[in-house]
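One structure, as structure tokens, below. Some questions next.
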Amino acid sequence: MVDLESEVPPLPPRYRFRDLLLGDQGWQNDDRVQVEFYMNENTFKERLKLFFIKNQRSSLRIRLFNFSLKLLSCLLYIIRVLLENPSQGNEWSHIFWVNRSLPLWGLQVSVALISLFETILLGYLSYKGNIWEQILRIPFILEIINAVPFIISIFWPSLRNLFVPVFLNCWLAKHALENMINDLHRAIQRTQSAMFNQVLILISTLLCLIFTCICGIQHLERIGKKLNLFDSLYFCIVTFSTVGFGDVTPETWSSKLFVVAMICVALVVLPIQFEQLAYLWMERQKSGGNYSRHRAQTEKHVVLCVSSLKIDLLMDFLNEFYAHPRLQDYYVVILCPTEMDVQVRRVLQIPMWSQRVIYLQGSALKDQDLLRAKMDDAEACFILSSRCEVDRTSSDHQTILRAWAVKDFAPNCPLYVQILKPENKFHIKFADHVVCEEEFKYAMLALNCICPATSTLITLLVHTSRGQEGQQSPEQWQKMYGRCSGNEVYHIVLEESTFFAEYEGKSFTYASFHAHKKFGVCLIGVRREDNKNILLNPGPRYIMNATDICFYINITKEENSAFKNQDQQKRSNVPRSFYHGPSRLPVHSIIASMGTVAIDLQDTSCRSTSGPTLSLPTEGSKEIRRPSIAPVLEVADTSSIQTCDLLSDQSEDETTPDEEMSSNLEYAKGYPPYSPYIGSSPTFCHLLHEKVPFCCLRLDKSCQHNYYEDAKAYGFKNKLIIVAAETAGNGLYNFIVPLRAYYRPKKELNPIVLLLDNPLDDLLRCGVTFAANMVVVDKESTMSAEEDYMADAKTIVNVQTLFRLFSSLSIITELTHPANMRFMQFRAKDCYSLALSKLEKKEREKGSNLAFMFRLPFAAGRVFSISMLDTLLYQSFVKDYMISITRLLLGLDTTPGSGFLCSMKITEDDLWIRTYARLYQKLCSSTGDVPIGIYRTESQKLATSESQISISVEEWEDTKDSKEQSHHRSNHRNSTSSDQSDHPLLRRKSMQWARRLSRKGPKHSGKTAEKITQQRLNLYRRSERQELAELVKNRMKHLGLSTVGYDEMNDHQSTLSYILINPSPDTRLELNDVVYLIRPDPLAYLPNSEPSRKNSICNAMGQDSREETQL
């Protein structure tokens, strides 16, 4: 056996070096063979095929040349007819022979030679083994008929005047035109619409039919009427249009037969063409066609990309987008992969929207569809996720791919992206504006627990409204609530503003208070010209600059406001300023003169951070004059600011030394050590010193560290917050962090219980009877349903069950569809709910975007829909700061020096302030807080539902007068809503209903009357409320739990709550009002001189936050 290595020895290094130097010369004496690939492409046939067929540009030139030849041949035929002098007689020889001049014959022969040669060459190049396939093609047969006779006449001169139907070349020209268009599309790499191609084919077919008929009739009538080309054209148009005047008719049988043949051809060919055109038209109507390049360059448009378009989503977008005056000339191009819905099609046919909205069926992942939408010329692109998908992560993945595709195709187009899950947010970090649904949802649910109705506050701020809702209602609270709902956030440069220009060089709190006092606007934040970060209430130390951008809350923006002459306003106000009753004070009489006011020393004293201490003045000063409030200083007093608890640590809240030591051992302030997802904003919050073992996190099971099995055994000092969710997702991080933020006092931290399943036993074990709030998160597994509005069915029924079992429990939930909020706390025969339903329908008929706002659960902040925040993304197109401000209010972002949203409750000790303007001055002068609204709760005197009737009609009438007297005594201090809240209409309706029941008794037969009486007795003895209470108590006793908390829980009085955003300065404060505050950042006022450990930690935190919040 021969060794392989000895058989093929390796090449020595010197030879390898020599080959490198000599190049190809080293191959001369070598046995190696050079192989060239694809040699068949170098043959003559392949080169011709490459030039005539394969190459797009050269093939286009050949098609264009062929098309020109065919048109030239038709033109030569017309010239021959026009130059010919028709001879007299009816001989058939005039049909077969014509008069053709020698130059004209020479031109026609040349054209025929070139055409025939080209046809034979293309047939040879496209030959694939079947010669009959090439010969029997109609274009080839027509080419032979029109070219061969001329070539024969070269060799046989007597045939020069033989008639040749050269006019049939029009059909070859049509065929060349179709091929030319196809090559044109390939050459310029731009696909025109199939509609254009089909219309072009139809038009060319019609022209060819008419031209063939004209030439045929004219030639065959040479032995008849001797028609010219114009008369033939007239006859063809009249005949094909089915008019048929009859003044021009064919005489010979040959021409009549030709007309019949042409009509038959037209009846076959034209319907086929029209059918294809109609089909393409219908398909274009479904897909939406194209948005023309000319319109894209001369008009402004935005593109809305969605996976499925529903009518609610469309109307929310259109109403909010076109609510801004400067967007009236914009067009909206909708790019959706699904076919247009019937309801959407009906809406888009309304003239108001048909001229503005263009629907395109296509995918954002296809460049052709993005080109159809002219994405590269769009002013913005909105990409929305489908929240009704079973797999929300999959929906986010689709959104991410759409965002990537748009960014790749049009890198300069601003992107506005909606994402569902926070862990997917970092994939679209490049987008200009991003709204993460779960982040906002959980943050609003959390703040609803500590600042009631925060979700309603945010929803009203991000909706465009003029504050006209509810103004025709007889209820005073609906008028006030509807008018204040028109407040929105606007911005203006300070030096260009009439509101704030005079406060240049003054402190922020001074500018905020005096702007509210003078104009009724609420200044909430600023932004430096050289800084991108918005600061909410930077505090009294912040000095306003001329170039600062001011953010304020008002009914309308300053540019749309008119200002009266101040002298006229003063003259009209002076005579009335001192004669108002105690229930209503004018704006300028609320603030006392600077020279006569007695400054409260208590205003600048230290206070607890649980809420501003609006303390009364000393008894001596109160005897001399009414309680007074310190003025707001133009520039803050540094010494007084630094000595305040708010500005130092705001930590231990008047605790004893022992309690302070124990709390310090239990909690520490810092950043969470682990982030649940990429892109979460770092938040300074309260942390435990040591990590709790996982076994101790189970509330219902004991472990080796503790033996507690229910919430009552833990002995929590504060009430619980229960979160009922399907899974513990990453979004819960945004629920926990606001409740554990560093500015929250330690003694007010509520224990959080996560309930992954909510049967009655688990609810009772986790402490539902003494819980502060219960948050019910919409179940993701039920968000997808065959009927869209049924996605909330499970959540609504679960909340209704909790409401019936625990009537006074504060339940907060979130729904997918805003229309389903009417089912929250549903009472079938509640008169007041029916009245609110009618009011909602009236507001919707008026075109209101906030028709649902008067529903009691929404007004009270018990329910909201995250789809309402879709308008936040739409508003950011005009107000690019709205997302940043909303995130700061919700605590999702923390900017050094920016304040935070909190609340305080008005107690009896605070009623001496009397009005909202005096409260504004008190807060600005003492703590630097800026109030932005009021959450008001009133007693709701409603007719009870049928499930709660436990007294007879006679007892109701007996107690009527006493109830009215007690009601009058308890509400005599209500100055703003007492006139309308005591309206007896609803009570009269319920009594009429009860009397009607009592009158109907004698009309029944004896058995029926006895049965009704027995039912009434049973209803009296045992109401449904008592039955449910007994059920819950029995379960609690079975589980070994005390029923004391549940007995107190059932003692519930019906109330209604609503929000007043930026109320007028003379609004009266009422007992239990909750005031929304934007409190300055306490870390911004830490003194650098104190070498305390606490300050060093906070300073380090501030540096870290400056770095990390830019992520």
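Could you work out the pair-distance distribution P(r) of segment 729-838 from its alpha-carbon pairs, with 5 angstrom bin width and percents rounded to whole numbers?
2, 9, 18, 19, 20, 15, 9, 6, 2, 0
Pulled fully out, how much extra length does the chain show between LYS226 and GLU845, if you take 0.36 nm times their separation in residues and subtract their Cα-Cα distance?
Values: separation 619, 0.36 × 619 = 222.84 nm, distance 7.30 nm.
Stretched fully, the LYS226-GLU845 segment lengthens by 215.5 nm.
Looking at segment 302-445 from every direction and averaging, what is the projected area of its Cα convex hull in nm²? Working shown, then result.
Details: hull surface 35.8 nm².
Over every viewing direction, the Cα hull of segment 302-445 projects on average to 8.9 nm².
Sticking with this one: Any of LYS846/LYS905; LYS517/LYS841; LYS746/LYS905; LYS407/LYS669 with alpha carbons more than 29 Å apart? Name them for me.
Details: LYS846/LYS905 36 Å; LYS517/LYS841 37 Å; LYS746/LYS905 18 Å; LYS407/LYS669 41 Å.
In this structure, LYS846/LYS905; LYS517/LYS841; LYS407/LYS669 exceed 29 Å between Cα atoms.
About its Cα centre, what dipole magnitude does segment 385-526 give when the only charges are +1 on Lys and Arg Cβ and -1 on Asp and Glu Cβ, stated in debye to the nearest 20? Walk me through the numbers on the way to the answer.
Details: 14 positive and 16 negative charges, 49 e Å.
The dipole magnitude comes to about 240 debye.
Per 5 Å bin, what is the whole-percent P(r) computed from every C-alpha pair distance within segment 818-866?
Final binned percentages: 4, 23, 33, 26, 12, 3.
By the gyration tensor of its Cα atoms, with a ≥ b ≥ c the square roots of the eigenvalues, what is the shape of segment 400-480: rounded for a/c under 1.5, prolate for a/b over b/c, or oblate? Before the final figure, lay out the partial values.
Numbers: a/c = 4.89, a/b = 1.96, b/c = 2.50.
Since a/c reaches 1.5 but b/c is at least a/b, the shape of segment 400-480 is classed as oblate.
Still on this structure: Sort 1055-1064, 263-272, 1075-1084 by the packing proxy (mean of other Cβ within 10 Å over each peptide's residues), most packed first. Walk me through the numbers before you get to the answer.
Numbers: 1055-1064: 21.9, 263-272: 12.3, 1075-1084: 23.5.
Taking the mean over residues of other Cβ atoms within 10 Å, the ranking is 1075-1084, 1055-1064, 263-272.
Excluding ligands and nucleic acids, what accessible area in Å² is computed for MET315 using a 1.4 Å probe, to the nearest 10?
Accessible area of MET315: about 50 Å².
Here's something else I'd like to know. Dipole of segment 879-925 (Lys/Arg Cβ +1, Asp/Glu Cβ -1, origin at the Cα centre): which of ALA917, ILE906, LEU890 lies farthest to the positive side?
ALA917
Moving to a separate point now. Order 346-355, 48-57 from most to least packed using the mean count of other Cβ atoms within 10 Å.
Details: 346-355: 11.9, 48-57: 14.5.
Going from most to least packed, we get 48-57, 346-355.
Determine one quarter of the surface area of the Cα convex hull of segment 400-544, which equals its mean projected area, and express it in nm² to one decimal. Mind dumping the intermediate values first?
Details: hull surface 50.6 nm².
If I average the Cα hull's projected area over directions, I get 12.6 nm².
Could you tell me which trypsin sites (Lys or Arg not before Pro) in segment 519-551 are loop residues by DSSP with no more than 16 other beta carbons within 10 angstrom of their beta carbon? Mind dumping the intermediate values first?
On the way: sites: ARG527, ARG528, LYS532, ARG541; in loops: ARG528, LYS532, ARG541.
Those satisfying the criteria are ARG528, LYS532.
Put +1 on the Cβ of each Lys and Arg and -1 on the Cβ of each Asp and Glu in segment 242-333; which of ASN290, THR242, TRP253 then has its Cα farthest toward the positive end of the dipole?
Going by the Cα projections, it comes out as ASN290.
Mind ordering 881-892, 116-127, 725-736, 917-928 by average Cβ neighbours within 10 Å, highest first? Kindly include the intermediate steps, with their values, before the conclusion.
Details: 881-892: 22.7, 116-127: 15.0, 725-736: 19.0, 917-928: 25.6.
Result, highest mean first: 917-928, 881-892, 725-736, 116-127.
Then there's this: Around LEU687, under 12 Å between beta carbons, what's the net of Lys plus Arg minus Asp minus Glu among the other residues? The partial results should precede the final answer.
Details: positive: LYS669, LYS691, ARG740, LYS746; negative: GLU666, GLU690.
Local charge sum for LEU687: +2.
Which log10 I(q)/I(0) values, to two decimals, does segment 374-434 give at q = 0.25, 0.29 Å⁻¹ under the Debye formula with one point per Cα?
Taken in order of the listed q values, log10 I(q)/I(0) reads -0.99, -1.23.
Can you tell me the convex hull volume per residue for segment 877-940, based on C-alpha atoms, in Å³ to the nearest whole number?
Expressed per residue, the convex hull around the Cα atoms of segment 877-940 is 159 Å³.
Dividing the Cα convex hull volume of segment 794-914 by residue count, how many Å³ per residue is that? Can you show the working numbers first?
Details: hull volume 24.3 nm³, N = 121.
So the per-residue Cα hull volume is 201 Å³.
Also: Apply the Karplus curve 6.51 cos²θ - 1.76 cosθ + 1.60, θ = phi - 60°, to the phi angles in segment 1056-1073 and return the couplings in whole Hz, x for Gly and Pro.
In residue order, the calculated couplings are 10, 10, 7, 10, 10, 7, 6, x, 5, x, 8, 5, 6, 7, 10, 4, 6, 5 Hz.
Enumerate the calculated ³J(HN,Hα) couplings along segment 862-879 in order (Karplus 6.51 cos²θ - 1.76 cosθ + 1.60, θ = phi - 60°), each rounded to whole Hz, writing x wherever the residue is Gly or Pro.
Once θ is set to phi - 60°, the couplings for segment 862-879 become 7, 8, 8, 10, 5, 5, 5, 7, 4, 5, 4, 5, 5, 5, 5, 5, 9, 10 Hz.
Based on Cβ point charges of +1 for Lys and Arg and -1 for Asp and Glu, what charge dipole magnitude is obtained for segment 194-289 about its Cα centre, in debye rounded to the nearest 20? Spell out each step's value before the answer.
Working: 6 positive and 6 negative charges, 18 e Å.
Roughly 80 debye for segment 194-289.
Counting only residues 5 or more places away or on other chains, whose amide H sits under 5 Å from the amide H of ILE812 once H atoms are built in the peptide plane?
Residues meeting the criterion, in which the H sits 1.01 Å from N, are MET774, VAL775, VAL776.
The values are calculated or read from the model by the stated rules, or taken from the named source; none is laboratory data. The structure presented is a predicted model; accordingly, all values stated were derived computationally and were not measured. FYI the Cβ positions are ideal-geometry reconstructions off the backbone, even for glycines, and counts take in every protein chain you see. We work out accessible area using only protein heavy atoms, side chains counted, and drop any ligands, DNA or RNA first. Shrake-Rupley method; radii C 1.70, N 1.55, O 1.52, S 1.80 Å.
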